[in-house]
Every structure is written in structure tokens, then in C-alpha cells.
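Q: A single structure is presented below for examination.
No lab work stands behind these numbers, since they all come straight from the coordinates. Since we're looking at a predicted model, the values are computed, not measured. No Cβ is skipped: glycine too gets one built from the backbone with ideal geometry, and neighbour counts run over all protein chains shown.
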Amino acid sequence: MKRKKRIGTAAKAVGCAVLLMISLFPIYWLLAMAIRPTDEMRGHIALIPQSLTGMHFAQLFTSENFGQAIMNSLQTTFGSLIISLLAGICAAYVIARRRFRFGLKKPMTYWVLLVRVLPPVAFTIPLYIMLYRMGVLHTKLPVMLACVLINVPLIIWFLISFFQDLPEEIEESAKVDGATEWQLFRKIVLPLVAPGIAAVSMLSFMYAWNEYTYTVIFTRIPANNTVPLALALLNTEDNLTNFGLVAAGGVISVIPITLFVIFAQNYLISGLSSGAVKE
């Protein structure tokens, strides 16, 4: 009996190890291609690089102007994230805590979900017409506003359950002690829903950082290119065989998301589990 149990445990361990290797291999191969000299990419490509080089990263920031794309992505991502969080948190709190006449709470909640469920490309033409009339096309603002449009419904839908789970007695006690609405919201409510905010911030950050469709349509000036568009431009006919250059761009593009995950992983895990499990 013990032998069968040991065999089962060993089989599970081997299976987990194999799955882990399969999951991590694309990341390893991306990094290996980025630091491998161009000469080693002709013919048979060895699993382990024979020599290392940083020429691909240097070329990205010198001839390909990749540094400007990173700055544009950081500005667009953090700008849309801040606006989305401010609007989404306030809207979610109002929907969760306030009473609406004529039973409008459920229709309003479903309408928010509908906006998030629709594919982003469905908003392309209306946004294009609106932004064209506003005279802000071919700037960084359209992509930022498009990310806000997609992320705000997600934040509202995700945080409503967190606000609804907060006991109203806590807020009532704070009001009895003389706390204002702003003090109540800032010092009591927000710290209690911090895990949910961290989780939804991660999801919104990932979407805004990887946004490609709106960037292609609304941005026609190379100086406003973001990282996804810059990576796509590396895959032209001239650079199709320069796998090291494309891989180097891919490595750089995942660094901000990786750092964000490492920084917020504790809040992220607790926030996702708290928002998903209901009693």
C-alpha cells in the first residue's frame, strides 16, 4: 500500500515537473534567442547558446528607437490605469452601497458587464469618429482613452462584490465616531478592499500594456508607437530573419509585467481568491 502511494506521489511529481518545463521552455527559448549571436541562428540552432551577446538589445535602443516605444507604453499604461481606477472604484462603491429608484441597480450592473463582454474591435468605428471630431487622433490620448473604456467596466464588475461583502456596521460605527464620507472611504473602505484593487490593477495593467488593435488604428506617427506595435514592426520583411532582435524586444516587453506581478503577488492572490469565492 505504501509502495503504491510512493509511486503515485513520484508520478505526480514527475508530471508536475514535465508541465513546468513545458510552460517555462518558451520563456527560456525567447531569452536564449535574445542573447545568442546571429551566426548561431543559421542552420541547426543548438538548445544552449555557445556564446552570449547583447548586440540585439543594443540595436533595439540605437537603430530601432525601442526606448521611445517603452516610454510611450509606460505613459499610456499608467495614465489609463490611474484614470480607470479612479473612475471604476468610485462607480463600484456607489453601485454597491447606494439605493437606486425604479430598480435600476441590476440593469446598470448588466450594462457595465455588456460593455466589457463586447469585443474591443466593436468600439473602433465609434471611437474613431468621436476622436476625429475631437481632433486628438494620432496622439497618445486615443489609446489611453480606449484602454479606459475597456478597463473601467472590468474594475466596476470586479469590485462590486468586494464592496458588497464589507459589513455595513463598520461604516456605521465610523460615522457615529464622527468620520466624514471621505474619511470613511479613504481610511476604512479602501484598505479593506486593497486586495481586490491590486488584483484588478494587475489585469488592467496587462491589457493596457499589451494593447495593439487601437494603437494600430489610432496611432499613425512612429514617435507615438507603443511596445506591441514596435514589436510588430520588427517582423517586417527586412527583419524577418533577425530572430534575435525580435526576441530581445519580447524579453524587454515582459519585464514591466513581471515586476508588477512580483511586487503585487500577495495582494493579487488574495484578491482573486476573495473575489471568486462566495458563501
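Q: Return a whole-number percent for the relative contact order of the chain, with Cα pairs under 8 Å and 6 or more residues apart as the contact set.
A: Rounded, it is 29 percent for the chain.
Q: Toward the positive end of the charge dipole of the chain, about the Cα centre and with charges on Cβ (Lys, Arg +1; Asp, Glu -1), which of P191, S73, L131 goes farthest?
A: P191
Q: Among G88, G67, G135, which one moves the most in a GNM of the chain with springs linking Cα atoms closer than 10 Å?
A: The residue that fluctuates most here is G135.
Q: Which of I83, L233, Q265 sits farthest toward the positive end of the charge dipole of the chain, with +1 on the Cβ of Lys and Arg and -1 on the Cβ of Asp and Glu?
A: Result: Q265.
Q: Counting helices only, and only those DSSP H runs with n ≥ 4, report the 222 nm mean residue ellipticity of the chain as the sum of -39,500 (n - 2.57) divided by its residues, in deg cm²/dmol to the nearest 500.
A: -24000 deg cm²/dmol
Q: Let me ask something additional. Quick one: work out Rg over Rh on the C-alpha atoms of the chain, Rh as Kirkwood radius. Before the final figure, lay out the partial values.
A: Values: Rg = 23.8 Å, Rh = 22.2 Å.
Rg/Rh for the chain comes to 1.07.
Q: Give the peptides 167-177, 183-193, 69-79, 151-161 in descending order of average Cβ contacts within 10 Å, highest first. Walk me through the intermediate numbers first.
A: Details: 167-177: 11.6, 183-193: 15.0, 69-79: 19.8, 151-161: 22.6.
Order by mean packing, descending: 151-161, 69-79, 183-193, 167-177.
Q: Return the single residue from A223, A17, A146 with maximal mean-square fluctuation; model: Gaussian network over the chain, springs between Cα atoms under 10 Å.
A: In this elastic network of the chain, the residue with the biggest mean-square fluctuation among A223, A17, A146 is A17.
Q: Place the peptides 226-235, 38-47, 114-123 in order of packing, highest mean first, counting for every residue the other Cβ atoms within 10 Å and averaging per peptide.
A: Numbers: 226-235: 20.0, 38-47: 10.9, 114-123: 12.8.
My ranking of the peptides, most packed first, is 226-235, 114-123, 38-47.
Q: While we're looking at this one, here's another question. Amide H to amide H under 5 Å from I45: which residues, 5+ apart in sequence or cross-chain, H placed 1.01 Å off N in plane?
A: Hits under the 5 Å cutoff: none.
Q: If you don't mind, there's one more thing I want to ask. Set the Förster distance to 45 Å, then compute FRET efficiency between I45 and R99 from the Cβ-Cβ distance, nearest 0.05.
A: On the way: r = 64 Å, r/R0 = 1.43.
The pair I45/R99 has a calculated efficiency of 0.10.
Q: In the Gaussian network model of the chain, springs joining C-alpha atoms below 10 Å, which of F163, F25, F205 carries the largest mean-square fluctuation?
A: Top of the fluctuation ranking is F25.
Q: Just give me a number: lysine pairs in the chain, eight or more positions apart or cross-chain, with C-alpha atoms less than 23 Å apart. Write out the running numbers ahead of the final one.
A: On the way: K2/K12; K4/K12; K105/K278; K106/K278; K175/K187.
Number of lysine pairs found: 5.
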